[in-house]
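The values are calculated or read from the model by the stated rules, or taken from the named source; none is laboratory data. Just so we're clear, the structure is a prediction, and the values are computed from it rather than from any experiment. Note that we place each Cβ from the backbone using ideal geometry, even for glycine, and neighbour counts take in every protein chain shown. With ligands, DNA and RNA removed, areas are computed over all heavy atoms of the protein, side chains included. Shrake-Rupley method; radii C 1.70, N 1.55, O 1.52, S 1.80 Å.
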Amino acid sequence: MNLKSTKPSLFSFNSDFGHDHVSNLYCLFGLAILMIFIGLGLRDPWPADEPRFAQIAMEMVHSGQWFFPSRGGELYPDKPPIFMWSIALFYWLTGSINIAFLLPSALSGLVTVYLVYSLGRKLWTNQIGFYAALLLIFSVQFTLQAKTAQIDAMVCMWITLGCYGLVRFLLIDGLWRWYYMAWFFMGIGVITKGVGFLPLLMLLPFALLRGFKVQNCQTGAPNIVGRWQWALGPVVMLLAICLWFLPMLLLVEHSQNPLFETYRDNILFKQTVKRYADSWHHIKPFYYYVSSVIPVFWLPISVLLPWLVVHWKRASKAGDYRIILPLVWIVLVIVFFSISPGKRGVYILPALPMLALISAPYLLAILKNKWPSRILWLLVGLLSLLMTFLAIAGWLEVKASVKLVEQYQIEPWGFLATIGLAGLAVFVITWWKKAQIKLLAWPLFIAVLWLVYSTWGYTLLGEVKTPKSVFAEMSQLIPDDAQLGLVDFSEQFILFSPYPITHFGYHTDNDEQLKAAWQWQAEDAKNYILINEALISQCFDSTQALDAGYAHRVHWVLLGPNSRLPQCDMPNEVVRQYHYSN
C-alpha cells in the first residue's frame, strides 16, 4: 500500500481535505484551543493533585523560595519543581491562580498536538499528519489531562519531544542535532517527573532491526554517519538534568539544613527507584492498563485497534520502520508501567501521541469497513441514552439517585440531560448509510461533552470539589481573627483557608498530630482545630465539637477550647509545627 498516494479525506474519499499545510495548522490549533482552553479561569483547583501544585506555586511566588517546594511551610519532596515552576511563573504574570494552574497543561497539550502533526506529515503526508493530530485531540485521556493541572500532560510533552527528535534522527534526515535534542528533552522530562527517559526505549528496536539488517522498504532510513557521537546523547541528558540537580545539591550542601538534606534524599531515592519497584499506593494488577485504562481512556483509537493490528502486522513484515519503532516503543512503555505494582491510568499517557501517529496512516482504509464507524456511532448513542435515563431517574427521585445526591451533595440532572440529549441529536443526525459520516458522531459528541463540562460542569462541581462550604460555615462559628489548626489535612484546606493555619506534618501519624494539636491549642483561646469527626480518638470531647459541614465526603468539625480535655498524652516523637497564611 503506497501511503503517500492516499488522497481521500474523513468526509469524502475523493476530496483533498487535510492536504494544505497552512489550513491544517489553523484548523488543528483552532480546534485544540477550543477543546482544551474553554473554561480556563472558570474553576478552582480540584483534588487530588491540583490544590497541592497550586498551593506550592503560590508559596514559591510569595516566599521567593523556588528550589525547594513547600506546601503550608513544609517541604514537598515528592516531585521535582519544574511543573510547579511553570504554574508559579503564570501566577506571577497573571496574578490569578485560577488561570495560572491550568495553563502549563493546556500549553503542553498544544505543543504535543503540533509535534504529532509535524511527524505525521514528515513521515507520510500533510493529510496523515492532520489525521494523527485529530485522533489525539479527540482521544479522551489526552484532552482530559490537557484540561487538568497534573504533571502528566507536561511530561507527556517532554517525552513526545524526545520521541520527535529520535524519529527525525533515525528515520528522516539523520542529523545529529535531532538526536541531541531528544536527549536534552529527556533530561528535562526526568526533572519534571522521573520517567522522562522513556524515549530512549525506542533505540532498542532500532538497534535490533539494524543488528539483524532488516531493511526498510517503505522509507529508506537515513545512513547515519558517526560512532562516538552516539555516546554524547547521555551527556546531553545529564547536562539538562544538572540545570536543576546541581544547584539543588549545592544549595543543600551550603545550607547545612537537615530538612533540605531529607528533601534531597527523599526525591533522589524514595520518589524514584523505590516508588517504581516497591510502590506503597495505587496498587493494581499487572493487566490493569490493558483491561481498565486503554479500552475507555484511549477512545476512539481503542475501538480501531482490531483493524489497526492487521495493518501494523503487514507494515512490520514489510520492514516499515515508521510503524515498527513507535509500535514497539508503545508496547515497551505499557510493559514498563505494568511491571510496577503502583499504577495510575495517567502513567501511560505518553504512549498515546505515538499511538495516534501510527494509527493515522490507516484511518481511511479502516473507514471503508462499516464496523469501526458503526461501533463508535452506537457507543455515542448508548452513552447519550445512559445520561438521559440517569437525568430522568434523578428528577423522578429514584432511590439510587437520591443516594447519589446524599453521598456527593450534587444534583447533576440538568447537566446530564443536556449532554445526553445533545448526544442523541448527534446520533440521529449522523444516522446515514455512509460509514465515514457515522464516524463524525464521536468527535461531535466529545466536543459537546467538553463544552458542557468546561462551563456548566465547572460551575456545578465547584462547591463539591472545594471546601468553600466548610469555611463559609466556619465563618459563622469562630471569630475572624481565629487561628486554624489542621489534622490529617489535604492541601485544598490550606489553599482556600481565610484563616492563618498551623499543621503538624503531612506524613505525621494522625494520633501524634492530634496530641500535638492539643498542645498547640493551649497557646491561645482563639486556636481552633479542623478535623474529620471520625479521627477524634483522644484529647478532645467530640460531643463539644462544632459542626462545620461536609466536604469531600467527610464530616468536618471544629474543636474549640470547650472541646479540649484536661489531659492528653505527650506525642511519642517530636512533632514539628508548620505555619502558613494566605
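Okay, residues lined up against (1) out of contact with any helix residue (DSSP H, G or I) (no Cβ under 6 Å at 6 or more places or on another chain); (2) open to solvent by 80 Å² or more (accessible area, probe 1.4 Å); (3) at pLDDT 90 or above:
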{"site": "549", "(1), (2), (3)": "no, no, yes"}
{"site": "555", "(1), (2), (3)": "no, no, yes"}
{"site": "575", "(1), (2), (3)": "no, no, no"}
{"site": "579", "(1), (2), (3)": "yes, yes, no"}
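Tell me which residues, restricted to the range 390-407, are surrounded by fewer than 14 Cβ atoms within 10 Å (Cβ to Cβ) and assigned to a helix (DSSP H, G or I). If the condition is that a residue be surrounded by fewer than 14 Cβ atoms within 10 Å (Cβ to Cβ) and assigned to a helix (DSSP H, G or I), then 395, 399, 400, 402, 403, 406, 407 are the ones that fit.
Name the single residue, out of those in the range 49-81 being charged (D, E, K, R) and surrounded by fewer than 23 Cβ atoms within 10 Å (Cβ to Cβ), that is nearest to residue 142 (Cα to Cα). Step by step, filter the range 49-81, then rank; the result is 49. Among the residues of the range 33-48, the ones that are under 19 Å from residue 96 (Cβ atoms) and open to solvent by less than 50 Å² (accessible area, probe 1.4 Å) come to 9 in all.
Sort through 459, 455, 418 and tell me the only one that's β-branched (Val, Ile, Thr) and either buried (at least 17 other Cβ atoms within 10 Å of the Cβ) or within 30 Å of residue 365 (Cα to Cα) (or both).
418
Checked against (1) open to solvent by 10 Å² or more (accessible area, probe 1.4 Å); (2) under 14 Å from the mean Cα position of the chain (by Cα), residue 111 passes all but condition (2). The residues in the range 192-244 that are buried (at least 17 other Cβ atoms within 10 Å of the Cβ), part of a helix (DSSP H, G or I) and either touching a Cys at 6+ places or on another chain (Cβ under 8 Å) or modelled with pLDDT under 85 (or both) can be counted, and the count is 3. Scanning the range 281-307 for residues that are touching a Leu at 6+ places or on another chain (Cβ under 6 Å) and open to solvent by 40 Å² or more (accessible area, probe 1.4 Å) gives no hits.
Residues in the range 451-468: is at least one touching a Ser or Thr at 6+ places or on another chain (Cβ under 7 Å), without any contact (Cβ under 8 Å) to a residue 24 or more places away in the chain and of a type outside the set (A, V, I, L, M)? Scanning the range 451-468 turns up no residue that is touching a Ser or Thr at 6+ places or on another chain (Cβ under 7 Å), without any contact (Cβ under 8 Å) to a residue 24 or more places away in the chain and of a type outside the set (A, V, I, L, M). Only a single criterion out of (1) over 23 Å from residue 328 (Cα atoms); (2) assigned to a helix (DSSP H, G or I); (3) modelled with pLDDT of 95 or more is not satisfied by residue 149, namely (2).
Considered as a group, the residues in the range 452-463 that are of a type outside the set (Ser, Thr, Tyr) and within 19 Å of the chain's Cα centre (by Cα) include one that is modelled with the highest pLDDT, and that residue is 457.
Between 335, 380, the distinction of being β-branched (Val, Ile, Thr), closer than 26 Å to residue 444 by Cβ and at pLDDT 95 or above belongs to 380 only.
A count restricted to the range 296-322 and to residues that are farther than 30 Å from residue 445 by Cα and assigned to a loop (DSSP other than H, G, I, E, B) stands at 3.
Annotation: of all residues in the range 308-323 being open to solvent by less than 20 Å² (accessible area, probe 1.4 Å) and either at pLDDT below 95 or of a type outside the set (Val, Ile, Thr) (or both), the one that is nearest to residue 204 (Cα to Cα) is 321. Is it true that residue 64 is free of Cβ contacts under 8 Å to residues at least 60 places away in the same chain and among the small types (Gly, Ala, Ser)? It is true that residue 64 is free of Cβ contacts under 8 Å to residues at least 60 places away in the same chain and among the small types (Gly, Ala, Ser).
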